[in-house]
Amino acid sequence: MTENETRITVSPDELAHIGEGVVAYMREIEAEELMGKFPNLPRIEPGTKLWALFAANGQPIMLADARSSALAGAMENDLTTVSVH
């Protein structure tokens, strides 16, 4: 690091909150994965694929049957979306 550079230190707690309320990620998810992420969800036929929208910290926001619906939910909440694979 040169004398003109500034070192920025981010704590683990600060890192966990980056993107909070601003960024969400979407991914296709199978019914078998849903119970751990959406605990109050009624039983869904195994093998069913849905789209889930999660907050930057991994908190589930919504579940949809189409990618476009999950994207619309993010847009309604002014969230910038990213896809994960």
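Compute the angle between helix 67-76 and the longest alpha-carbon principal axis of the chain, please, reported from 0 to 90 degrees and rounded to the nearest 10.
Computed tilt is about 50 degrees.
Loop-only GluC sites (Glu not before Pro) in region 1-83, please: DSSP not H, G, I, E or B, and at most 16 other Cβ atoms within 10 Å.
3, 5, 20
I'd like to know which of 4, 55, 35 lies farthest towards the positive end of the charge dipole of the chain, counting +1 on Cβ of Lys and Arg and -1 on Cβ of Asp and Glu.
35
Where does the longest stretch of the chain lie that holds no trypsin sites (Lys or Arg not before Pro) found in a DSSP loop with 10 or fewer other Cβ atoms within 10 Å?
Counting at most 10 other Cβ atoms within 10 Å as exposed, the longest clean stretch of the chain is 44-85.
With viscosity set to 0.890 mPa s and temperature to 25 °C, compute the Stokes-Einstein D of region 21-85, Rh being the Kirkwood radius across alpha carbon pairs; µm²/s, no decimals.
The Stokes-Einstein estimate is 208 µm²/s.
State to the nearest 20 debye the size of the charge dipole of region 22-83 about its Cα centre, where the only charges are +1 on K and R beta carbons and -1 on D and E beta carbons.
The calculated dipole for region 22-83 is roughly 60 debye.
Output the antiparallel fraction of DSSP beta bridges having both residues in region 22-83, as a percent to the nearest 5.
75
I'd like the FRET efficiency for residue 59 and residue 6, computed as 1/(1 + (r/R0)^6) with the beta carbon distance as r and R0 of 30 Å, rounded to 0.05.
Result of the calculation: an efficiency of 0.40.
Only the coordinates and a few stated rules stand behind these numbers; no lab work does. Model, not experiment: these values are computed from the prediction. Here the Cβ is made from the backbone with ideal geometry for all residues, glycine too, and neighbour counts use every protein chain on show.
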